[in-house]
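Asks: Submitted below is the structure of interest, expressed as structure tokens.
The values are calculated or read from the model by the stated rules, or taken from the named source; none is laboratory data. From a predicted model like this one, the values you see are computed outputs, not experimental measurements. Glycine gets a Cβ as well: all are built from the backbone with ideal geometry, and neighbour counts include every protein chain shown. The protein model used for the area step is the full one, side chains on, heavy atoms only, and it has no ligands, DNA or RNA in it. Shrake-Rupley method; radii C 1.70, N 1.55, O 1.52, S 1.80 Å.
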Amino acid sequence: MVERHEKVAILYICTGKYVAFWEDFYKSFEKNFLKKSHVEYFVFTDADSLYGEKEYDNIHRIEQGNLGWPGNTLFRFRMFVSIKERLADFDYLFFLNANTVCTEQVTEEEFLPVEEDLLVVQHPGYYHSFVWRMPYERRKISSARIPRGKGKDYVYGAVNGGKATAFLEMARKLDEEIGQDYEKGVIAKWHDESHLNHYVWV
């Protein structure tokens, strides 16, 4: 069995009203998530203060303006890339949606990828669904395009991560493609989730 003493960074976005979710998120993850590892939280927010940031040294507040909809989700990988130097020393990086809570113990052996570089989660709404039902971006004008009839599993944008080097490379690539599309006036059907699905598919 692999000895587990990894450094894990959680990437969390709570601009605008989403800051209300932060306290429950933090408390639940501190209680139940990867108890053998050193976990730190990088919180992108426009809030003036965060629960626990003065009391706990594993909380890092990153000033981030509220980009509205769909900017806050569409440009999340740009946020992550903006602090890549601070993240490079971690073994694993994970993004989780603001309204997530960790209600049961999650162990390193269960969660951290060892043989694979990245972790993605199948979308519960399309689990074991037909490919034609999956809401991939099908338009040729988007770099997130998956041609009709292609694809296999539809993954959830709310939870993803993996080994730091692999995740940062994915974030760099997706930020580049999203930015190129945006300059052409193109926004993928399900924003960053569409681009994530294309990256996994390719």
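Asks: Taking springs between alpha-carbon atoms closer than 10 angstrom, which of 150, 84, 27 fluctuates most in the Gaussian network model of the chain?
Replies: Comparing 150, 84, 27 in a Gaussian network model of the chain, the most mobile one is 150.
Asks: What relative contact order, as a whole-number percentage, does region 18-87 give when Cα pairs under 8 Å and 6 or more residues apart are counted?
Replies: 27 percent.
Asks: Can you give the angle from 0 to 90° between the axis of helix 191-201 and the longest principal axis of the chain, with both taken from C-alpha atoms, to the nearest 10?
Replies: 80
Asks: Something else about it: Where does each of 103, 15 land when they are ordered by accessible area, with a 1.4 Å probe and the largest first?
Replies: 103, 15
Asks: Can I ask one more? Could you please put 48, 89, 117, 175 in sequence from largest to smallest accessible area, using a 1.4 Å probe?
Replies: 48, 89, 117, 175
Asks: Can you count the Lys pairs in region 9-71 with C-alpha separation below 19 Å, eight or more apart or on different chains?
Replies: Pairs that pass both the separation and distance tests number 5.
Asks: Count the lysine pairs in region 63-202 whose Cα atoms lie under 21 Å apart, taking only pairs 8 or more positions apart in sequence or on different chains.
Replies: Eligible lysine pairs with Cα atoms under 21 Å apart amount to 12.
Asks: At 1.4 Å probe size, what's the solvent-accessible area of residue 134? Round to the nearest 10 Å².
Replies: Spelled out: residue 134, probe radius 1.4 Å, area about 10 Å².
Asks: Nearest 10 degrees is fine. How inclined is helix 164-183 to the longest principal axis of the chain, computing both from alpha carbons?
Replies: With both axes taken from Cα atoms, the answer is about 50 degrees.
Asks: Within region 53-116, list the chymotrypsin sites (Phe, Trp or Tyr not before Pro) lying in a DSSP loop whose Cβ has at most 16 other Cβ atoms in a 10 Å radius.
Replies: Answer by residue number: 56.
Asks: Using 0.36 nm per residue of separation minus the Cα-Cα distance, give me the extension gain between residue 66 and residue 202 in nm, one decimal.
Replies: Gain on extension, residue 66 to residue 202, equals 45.8 nm.
Asks: Could you state the angle between the C-alpha long axis of helix 22-32 and the longest principal axis of the C-alpha atoms of the chain, as a value from 0 to 90 degrees rounded to the nearest 10?
Replies: 70
Asks: Related question: Along the Cα-to-C-beta direction of residue 148, a point sits 7 Å from the Cα; which residues of region 122-139 have their amide N less than 16 Å from that point?
Replies: 131-139
Asks: Residue 17 versus residue 38, label points 7 Å from Cα toward the beta carbon: distance in nm?
Replies: Output for this residue pair reads 3.9 nm.
Asks: With a 1.4 Å probe and every protein chain left in place, tell me how much accessible area residue 50 has, in Å² to the nearest 10.
Replies: Accessible area, nearest 10 Å²: 10 Å².
Asks: What FRET efficiency comes out for the pair residue 176/residue 73, r = Cβ-Cβ distance, R0 = 22 Å, nearest 0.05?
Replies: Step by step, r from the Cβ atoms, then E = 0.80.
Asks: Need one number: nm distance between label points at residue 140 and residue 107, each 7 Å from Cα along Cα→Cβ, rounded to one decimal.
Replies: 5.2
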